Amino acid sequence: MSDAVKWLTSDMQGAPQITNDWGVLIGMLDACLINGFNTQNPSSVTRSGSTVTMTFSGGGHGFLQHQVVLVSGAVQSEYNGEQRVTAVTGTTVTFT
């Protein structure tokens, strides 16, 4: 999915914020382009047909529908990689 349009907004959970401090822009670019932000560990991952649902416990996950997320470390290696979120609830994220 490397050719997918990826978008970021300052109101995404964990998104870096620009202030008038020296070096903040570099930190923001690192977070958006290299390191990522809003790293989450799901409490469970299930699949039904070609739909994968990740459930998060302990509050909101902060992901948005149509957002591209990077999944890594999944036991099922086919889940790993960039995934476009197709649906969200308060505790779940779904992708195909």
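At a Förster radius of 22 Å, what calculated FRET efficiency corresponds to the Cβ-Cβ distance of Leu70 and Leu29, to the nearest 0.05?
0.85
How much of the accessible area of the chain, probe 1.4 Å, is carbon plus sulfur, in whole percent? C and S fraction of accessible area: 54 percent.
Calculated from the structure at hand, volume of the Cα convex hull per residue in Å³ is found among (i) 134; (ii) 109; (iii) 93 as (ii).
Taking the Cβ-Cβ separation of Lys6 and Ala87 as r and a Förster radius of 22 Å, what is the calculated FRET efficiency to the nearest 0.05? E between Lys6 and Ala87, to the nearest 0.05, is 0.75. Per-residue surface analysis assigns Ile34 an accessible area of about 120 Å², computed on protein heavy atoms at 1.4 Å probe radius.
Residues in the chain average 66 Å² of solvent-accessible surface per residue, probe 1.4 Å, ligands and nucleic acids excluded. Charging the Cβ of each Asp and Glu at -1 and of each Lys and Arg at +1, and nothing else, the dipole of the chain about its Cα centre rounds to 260 debye.
The values are calculated or read from the model by the stated rules, or taken from the named source; none is laboratory data. Values in this document were obtained by computation on a predicted structure and should not be read as measured data. Methodologically, a virtual Cβ is constructed for each residue, glycine included, from the backbone with ideal geometry; neighbour enumeration extends over all protein chains shown. Areas reflect the complete protein model, heavy atoms only, side chains present, ligands, DNA and RNA absent. Shrake-Rupley method; radii C 1.70, N 1.55, O 1.52, S 1.80 Å.
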